[in-house]
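Accompanying notes for the structure given below.
The values are calculated or read from the model by the stated rules, or taken from the named source; none is laboratory data. None of these values were measured; they are calculated from a predicted model. Every residue, glycine as well, gets a Cβ built from its backbone with ideal geometry; the counts of neighbours run over all protein chains shown.
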Amino acid sequence: MRQYGNEIQLYPGSDGKVREVILAEHAGFCFGVQRAVDAVYDEIGRSGDIYTYGPVIHNDIVVRDLEKRGVRIISSEDEIDAVNSGTVIIRSHGVSRAIFEKLSNKPGIKLIDMTCPFVQRIHRIVDSQSRSGKRIVIIGNVGHAEVVGHMGWSVSPVDVIETREEAEAFDAPPETPLCIVAQTTFHSKKFEEFVAILNNKGYNNFYVENTVCNATGIRQQEAALIASRVDVMIVIGGKNSSNSAKLFEICKKECERTYFIQSLEELDLKLTPQDRSIGITAGASTPKNIIEEVQRYVGTGTDI
């Protein structure tokens with residue numbers, strides 16, 4: 001049975017009553033992550049050494065599996081200098097212009113650019129708008145790989161705003177032309193809120209592109225809807241995954257008993273006889289097999 005595109009399964013409890021488990025339709029790998037992970041696995045065995053610039057995915061389980069298969073991670077210009085052969089794969093988060101050009105011009109290596117197309121679009125916006133003289137404002141998480149990459153495509157000053165307080169404290173002369181974009185996985189409602197705060201400061205030249213990925217927005221709305229109607233909510237995602245952390249934040253507001261786990265081993269689920277509905281969603285870096293494992297356990301391995 002399905003509702004709002006979500007998968008709903010019913011399981012009988014030992015007391016004869018039924019437990020409902022709702023799995024979000026848009027749970028697990030997004031297009032960009034799937035594309036990048038597939039590229040790495042496809043490359044294994046085809047050539048010599050394989051490297052990814054940064055972890056290809058914010059999921060320790062997948063990263064460890066790739067390491068076992070010989071895939072190594074590089075994360076600095078010095079480490080690029082040390083690579084003289086093999087394949088280097090740019091993950092979906094993208095990289096700065098400087099890193100991209102260094103990799104592109106490196107003799108002896110095969111470069112595979114798996115930057116998500118939605119991330120590349122932001123690179124182009126930042127590049128063109130900064131060249132036109134606009135100061136770039138990125139609404140996103142300070143230090144996140146995607147945000148660092150965006151910053152590296154600007155030729156003008158860049159500000160990163162992560163919180164409401166930072167938006168309220170932002171100060172530039174009124175005549176400063178601004179270009180505002182978002183990290184693709186940022187909280188969509190917060191983006192709109194922060195833009196409104198900046199707009200109310202009265203800047204004369206104010207250009208905004210809502211670059212939160214459409215899939216991210218759908219995933220967040222779906223998670224909030226499920227969390228609002230269940231007794232218990234489970235969010236599966238890597239501890240370093242920005243989009244998973246935001247899903248947890250969103251679900252926690254709707255359902256106090258929200259769990260944030262990376263794998264089934266971390267789930268310490270305590271149900272009461274009154275708990276009749278459990279929701280599950282997962283971040284864009286969560287493999288399908290982990291989601292299915294949690295779903296099976298919740299449906300059949302935890303009695304009420």
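Only one of the numbered conditions (1) in contact (Cβ under 8 Å) with a residue 12 or more places away in the chain; (2) within 20 Å of the chain's Cα centre (by Cα); (3) not in a loop (DSSP other than H, G, I, E, B) is not met by GLN295, and that is (2). The C-beta contact set for the range 163-182 (first residue assigned to a loop (DSSP other than H, G, I, E, B), second residue among the charged types (D, E, K, R), distance under 7 angstrom, 6+ apart or interchain) comprises PHE170/ASP159; ALA172/ARG135; THR176/ARG135; PRO177/LYS134; PRO177/ARG135.
Residues in the range 183-192 that are in a loop (DSSP other than H, G, I, E, B) and either under 21 Å from SER154 (Cα atoms) or not assigned by TED's automatic domain parsing to the domain that holds GLY152 (or both): GLN183, THR184, THR185, PHE186.
Annotation: of all residues in the range 25-84 being under 15 Å from LYS110 (Cα atoms) and small (Gly, Ala, Ser), the one that is nearest to the chain's Cα centre (by Cα) is ALA39.
For the range 183-195, the count of residues that are crowded, with 16+ Cβ neighbours inside 10 Å, over 23 Å from SER92 (Cα atoms) and of a type outside the set (Lys, Arg) is at least one.
Picking from residues in the range 231-244 that are modelled with pLDDT of 90 or more and part of a loop (DSSP other than H, G, I, E, B), the one that is surrounded by the most Cβ atoms within 10 Å (Cβ to Cβ) is GLY237.
Answer yes or no: is there a residue in the range 118-127 that is aromatic (Phe, Trp, Tyr) and in a loop (DSSP other than H, G, I, E, B). Walk me through how you get there before you give the answer.
Of the residues in the range 118-127, the ones aromatic (Phe, Trp, Tyr) are 118.
Now narrow it down to the ones that are in a loop (DSSP other than H, G, I, E, B): none.
No, the conditions are met nowhere in the range 118-127.
What's the number of the condition SER228 fails, among (1) surrounded by 15 or more Cβ atoms within 10 Å (Cβ to Cβ); (2) within 30 Å of ARG276 (Cα to Cα)? For SER228, the exception is condition (1).
Scanning the range 193-216 for residues that are in a helix (DSSP H, G or I) and at pLDDT below 90 yields a count of 3.
The set of residues in the range 54-92 being surrounded by 13 or more Cβ atoms within 10 Å (Cβ to Cβ), in contact with a strand residue (DSSP E or B) (Cβ under 9 Å, 6 or more places away or on another chain) and part of a loop (DSSP other than H, G, I, E, B) consists of GLY54, PRO55, VAL56, SER75, VAL83, ARG91.
Taking first residues from the range 245-274 that are part of a helix (DSSP H, G or I) and partners that are among the acidic types (Asp, Glu) and surrounded by 16 or more Cβ atoms within 10 Å (Cβ to Cβ), the Cβ contacts under 7 Å between residues at least 6 apart in sequence or on separate chains come to LEU264/GLU293.
Can you tell me which residue within the range 131-188, out of those that are among the hydroxyl-bearing types (Ser, Thr, Tyr) and within 21 Å of ILE218 (Cα to Cα), is nearest to the chain's Cα centre (by Cα)? Among those that are among the hydroxyl-bearing types (Ser, Thr, Tyr) and within 21 Å of ILE218 (Cα to Cα), it is THR185.
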